[in-house]
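Novice: This is the structure I have questions about; it appears just below.
Taken together, the values in this text are just the output of simple stated rules run on the coordinates, not laboratory data. It should be emphasised that the depicted structure is a prediction, and the values quoted were computed from it without experimental measurement. Backbone-built Cβ (ideal geometry, glycine too); neighbour counts: all protein chains shown.
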Amino acid sequence: MFIISPIFLAIGIAIYHWLSFEPADWVYIALAVIVVIFIILLGKAGKNQKTFLSISLIIIGFLLAKLQVILIDTTMLQKPLEGINVIGQITKIELMDQGIKRIILRDVQIEPPFNHIILDGLQITVRSKKTNINLFDRIKLRASLFPPATPVFPDGYNFYRGLWFQGISAIGFSSSTPQIVAHTKTGIYEVFEYYLQRTREQLTNKINAVISQDQAAIARALILGDQHAVPDKIVQDMRDSGLAHLLSVSGLHLSLICLLTFAFSRRLLLFYPLNKIPLSPKKVSAILAIIVAFIYLFLTNAAIPTQRSFIMMALLMIGILIDRHVFGFTTLAWAAIVILVFQPFTLLTASFQMSFVAVATIIAINNRSYQNQQRLLIQLLKKTSYLRQIINYITQLMVVSFWVGIAITPITLYHFQQTSLYAVLANMIAIPVTSFIVMPAALIAVCLSTIGLQDIFFVIMGIGIEAILYIAHWVSRLPASSIIIDNVHLISVFLSVAAVFIWLIAYIPYRRLLSVLTLVVVLCISWFFPGKTPDILVALKEKQIAISDDNKGYYIIVGQKDSFLMEIMSKRLKETRIIPLYFLNRNPAFTCDWYHCTYELNNKKIAIIYRSAEIDWLCDQVEVVIDLTARLQTMCPNTNVVLINEANAQPFYWGWDYGDRFYFLSTQDIIGQRPWSLEYTK
């Protein structure tokens, strides 16, 4: 029961975030009372004990999600503020390309006349290279601030919600050189983080000094978790080849560092017995491994996969210290419980889902059905050479990479609407290179950097990185390497992942047949309930419209330049053609006059108004009116015409043609009335 308890916690958290409204306070009080009653009755529940416990865990997950929202309670910026003076304390510095820094400011103050605006945290890009700012410095700068972006597509990533849970009220850029107001490194935590930041900067300089720019950018991503300097071309190749996960500091990296530290220190201590310490070299090595893993966790900014890996590795090493074997799924369950209790929102992130599914797949592969094979393999390896053992290990690693690639593909499709047809192949080659060359060289280089002997190992690491880049480039150029699939159903994702585990776990009766039947259900859901990309997408504020044509492509009508929106639309929509708004009259698909253009989509007319005029007569001729002027009063009050204008302005509108009518949703319809929505009132 303990092993599956995180699943029930996750169900409760998911239910809370799935709601389109915020429940009343009495609901939480009632649920808390129910949990207390169920816990009291657990001892007397008999056969219903597991049922009571499962329901209690679901309710606890629901309440934990609400508690996190109460504790965070970020105040978001609603409208842009340009050219304002901001004072705040730096709590995070991200080194980007060309010397640019992105900083997080807390304890924010805004100078008059905007001092009445209260903000919790700011993410600001600083382009000036004339100042030497450090972590926890209190600085003053002139900046332009903007609310975070809401989803461009109904199933797109919600930057607004993501930053809300990070306590960041606005994003922006500095238009002046930051001035240091005070140095405030007073507490132990501040001093610890300050020296970690200095270590990151020193390692960055040492990496840049010995390997090429592209290799150095990847090395920084793998060692420090800093992906901001990785060129877009490399990022695209890694995505198209299914190797993008190697750009982040994953649990694999921390696990390798922890295990390599354990193995190396244990071998070393065998030569220098510690007679005066009542611990064996094995246990001393376990303690050292935990310490190194802990430092590396914070050195890489403690991403969710590394948190998961650290908890599992720590439990494994603690098991060595107390002479107990720690079961794989047990450590995974503990890691999930700890993260979900303290950070419930992470359940919804791709990193959490992919990390836990990948590790669960690895554990399932090495579970009961493979134990006999492993015993035979161990006996065989004892009789073979070291070279043969390495070859067998690489083969096993490739098999694991294959199954992990299969398991996480549905999650990748759901979050990114894109996967690589050859991702499994690429990972089967690239992961052994990472495991045997790149990360061991990185660990040794980081350790030797304290005495200045790191260069040769950074060079070896660069050679391994170059091999990974070659694999990514080669795979990304194969035919149909990148597949885009829109609107993947969440139920299909869950069932697809379940089918993989049903196939792998030996003690499930008729598991192969059950797994195939599960996949058949997934195919039926995809066939009978297909998702559909919107026929119309309107970004009213940016004056951008994407509208489908008869050839399954899209026109992107641009009223004002916004490269971020154009990039997202162009990547997601197929066969896009960009047209400036005021050049619509040159396109034969649009009928225009001085004030507006009309477009016919499946025998339905859409009007786009870009200059103010009294054109109420359109109500009798069109089905949709998109007013980009922000000046017209409410039109067509007595008809069924869909009107999109400033009177009911939302960041985005999405429209689908259902034959007899258009069906529209707005940003507020998708997000609902939640604390992280634009129009939520406390």
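Novice: In the calculated pair distance distribution of segment 63-207, what percentage of Cα-Cα distances lie above 18 Å?
Specialist: Counting every Cα pair in segment 63-207, those more than 18 Å apart make up 60 percent.
Novice: Follow-up. Quote the FRET efficiency, to the nearest 0.05, computed for Val235 versus Leu270 with a Förster distance R0 of 41 Å and r equal to the Cβ-Cβ distance. Spell out each step's value before the answer.
Specialist: Numbers: r = 44 Å, r/R0 = 1.07.
With R0 = 41 Å, the Cβ-Cβ based efficiency is 0.40.
Novice: Another one. Expressed in nm to one decimal, what extension gain is obtained for the pair Asn585 and His325 from 0.36 nm per residue of sequence separation less their Cα-Cα distance?
Specialist: 86.2 nm
Novice: Next question. Take Glu201 and Trp527, extend 7 Å from each Cα along the Cα→Cβ direction, and tell me the distance between the two endpoints in nm.
Specialist: So the label points at Glu201 and Trp527 sit 6.1 nm apart.
Novice: Calculate, for Ser128 and His17, the FRET efficiency according to 1/(1 + (r/R0)^6) with r their C-beta to C-beta distance and R0 60 Å; round to the nearest 0.05.
Specialist: Efficiency computed from Cβ-Cβ geometry: 0.95.
Novice: If I model segment 5-72 as equal point scatterers sitting on the Cα atoms and use the Debye formula, what is log10 I(q)/I(0) at q = 0.21 Å⁻¹?
Specialist: So the normalised log intensities are -0.86.
Novice: Can you work out the Karplus-derived ³J(HN,Hα) for every residue in segment 104-117? Use 6.51 cos²θ - 1.76 cosθ + 1.60 with θ = phi - 60°, whole Hz, and x for glycine or proline.
Specialist: After applying 6.51 cos²θ - 1.76 cosθ + 1.60, I find 10, 9, 10, 6, 7, 10, 10, 6, x, x, 10, 5, 6, 7 Hz.
Novice: Round to a whole angstrom and tell me the spacing of the C-alpha centers of segment 481-554 and segment 80-157.
Specialist: Distance between centres, Cα-based: 38 Å.
Novice: Follow-up. What percent does the relative contact order of segment 81-184 come to when contacts are Cα pairs within less than 8 Å and at least six residues apart?
Specialist: 31 percent.
Novice: Would segment 408-448 count as rounded, prolate or oblate if I go by the C-alpha gyration tensor, calling it rounded below 1.5 in a/c and otherwise prolate when a/b exceeds b/c, oblate otherwise?
Specialist: Values: a/c = 5.02, a/b = 2.35, b/c = 2.14.
Judged from the Cα gyration tensor, segment 408-448 comes out prolate (a/c at least 1.5, a/b above b/c).
Novice: How large is the direction-averaged shadow of the alpha-carbon convex hull of segment 437-567, in nm²?
Specialist: 15.6 nm²
Novice: Between Ala263 and Ile72, what FRET efficiency follows from the Cβ-Cβ distance if R0 is 35 Å, with the result rounded to 0.05?
Specialist: So the FRET efficiency works out to roughly 0.30.
Novice: In Å and from the alpha-carbon atoms only, list the Rg and Dmax of the chain.
Specialist: Just the Cα atoms of the chain yield Rg and Dmax of 27.9, 96 Å.
Novice: Can you compute log10 of I(q)/I(0) for segment 189-345 with the Debye formula, treating each Cα as one identical point scatterer, at q = 0.10, 0.15, 0.17, 0.18 Å⁻¹?
Specialist: Log10 I(q)/I(0), no solvent term: -0.45, -0.94, -1.10, -1.17.
Novice: Also, I was wondering about something else. Give, in whole angstrom and from largest to smallest, the semi-axes √(5λ) of the equivalent ellipsoid of segment 1-132, with λ running over the eigenvalues of the Cα gyration tensor.
Specialist: 46, 19, 11
Novice: Return the long-range amide H neighbours of Leu421 (sequence gap of 5 or more, or a different chain), with a cut-off of under 5 Å between placed amide H atoms.
Specialist: Here Ser482, Ile483 satisfy the definition.
Novice: Which residues' amide hydrogens lie under 5 Å from the amide hydrogen of Phe173, considering only partners 5 or more residues apart or on another chain, with H built in the peptide plane?
Specialist: Thr125, Ser144
Novice: Restricting the count to DSSP beta bridges whose residues both fall in the chain, what percent are antiparallel, rounded to a multiple of 5?
Specialist: Numbers: 58 of 75 bridges.
Around 75 percent of the beta bridges assigned by DSSP in the chain are antiparallel ones.
Novice: Let me ask another. Quote the convex hull volume per residue of segment 569-622, based on C-alpha atoms, as a whole number of Å³.
Specialist: Dividing the Cα hull volume of segment 569-622 by its residues yields 104 Å³.
Novice: If you don't mind, there's one more thing I want to ask. Tell me, what HN-Hα J-couplings in whole Hz come from the Karplus equation 6.51 cos²θ - 1.76 cosθ + 1.60 at θ = phi - 60° for each residue of segment 219-233, using x for Gly and Pro?
Specialist: Taking θ as phi minus 60°, the curve returns 4, 4, 5, 6, 8, 10, x, 9, 9, 5, 8, 6, x, 4, 4 Hz for segment 219-233.
Novice: To continue, here is another question. Check Ala149: other-chain or 5+ apart residues with amide H under 5 Å from its amide H, H built from backbone geometry?
Specialist: It is Tyr160, by chain and number.
Novice: Ordered by residue, what ³J(HN,Hα) values in Hz, to whole numbers, does segment 510-519 give under the Karplus form 6.51 cos²θ - 1.76 cosθ + 1.60, where θ = phi - 60° and Gly and Pro are x?
Specialist: Using θ = phi - 60°, the values come out as 6, 5, 5, 5, 5, 5, 5, 5, 4, 5 Hz.
Novice: Taking only C-alpha pairs under 8 Å that are 6+ residues apart, what is the relative contact order of the chain in percent?
Specialist: Relative contact order, the chain: 11 percent.
Novice: Over all distinct alpha-carbon pairs, what is the Kirkwood Rh of segment 536-671 in angstrom? Intermediate results must be reported in sequence, preceding the final value.
Specialist: Working: mean 1/r = 0.0662 Å⁻¹.
One over the average 1/r among Cα pairs gives 15.1 Å for segment 536-671.
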